[in-house]
1. Of all residues in the range 76-105 being assigned to a loop (DSSP other than H, G, I, E, B) and free of Cβ contacts under 8 Å to residues at least 12 places away in the same chain, which is farthest from GLY29 (Cα to Cα)?
2. Which one is nearest to SER34 (Cα to Cα) among residues in the range 46-73 that are part of a loop (DSSP other than H, G, I, E, B) and not charged (D, E, K, R)?
3. Filtering the range 46-75 down to residues that are among the small types (Gly, Ala, Ser) and exposed (fewer than 14 other Cβ atoms within 10 Å of the Cβ), which residue is nearest to VAL26 (Cα to Cα)?
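None of the figures in this text is laboratory data; all of them are computed from the coordinates on show. Just so it is clear, the model here is predicted, and its values are computed rather than measured. Cβ: placed from backbone, ideal geometry, glycine included. Neighbour counts: every protein chain shown.
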Amino acid sequence: MTKFTKLAVAALFAFAVVGTTASADVAKGQKLYSKKLKGACGFTGAKFAAKHTQSEWEEIKNAGKFTDEVKTLCPKATKFKDKWADDVYDFSYEYASDSGNVPSC
């Protein structure tokens, strides 16, 4: 193979891996909500995400209060871990009240 072909194949592989990782956050957040929060919250992921608009979720996340908001909306969610926050945020943002998207959980 020529150097150009090797470079092109490596670039395609890199784009495939990055694209898969970027789209996995919402799915991981949905899975985390379904397994860890749904019972504690007492409502579906659609209702959870629809509690705020995308801009409101973004403001909450940027202010560093996302974990606090989860605990406010779901007071029984005492075992919510900070490491889940980014994925659950991506899920919440994707399915916010003004997004037009509806999750399957």
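1. Just the residues of the range 76-105 that are assigned to a loop (DSSP other than H, G, I, E, B), to begin with: 76-81, 95-105.
If we keep only those that are free of Cβ contacts under 8 Å to residues at least 12 places away in the same chain as well, we get 81, 100-101.
Working: LYS81: 12, GLY100: 18, ASN101: 15 Å.
Filtering the range 76-105 for residues that are assigned to a loop (DSSP other than H, G, I, E, B) and free of Cβ contacts under 8 Å to residues at least 12 places away in the same chain, the one farthest from GLY29 (Cα to Cα) comes out as GLY100.
2. Step one: of the range 46-73, the residues part of a loop (DSSP other than H, G, I, E, B) are 50-53, 63-65.
Then keep just the ones that are not charged (D, E, K, R); that gives 50, 52-53, 63-64.
Details: ALA50: 15, HIS52: 18, THR53: 20, ALA63: 25, GLY64: 23 Å.
Result: ALA50.
3. The initial filter retains those residues of the range 46-75 that are among the small types (Gly, Ala, Ser), namely 46, 49-50, 55, 63-64.
Filter once more, keeping what is exposed (fewer than 14 other Cβ atoms within 10 Å of the Cβ): 55, 63-64.
Working: SER55: 17, ALA63: 21, GLY64: 19 Å.
The selected residue is SER55.
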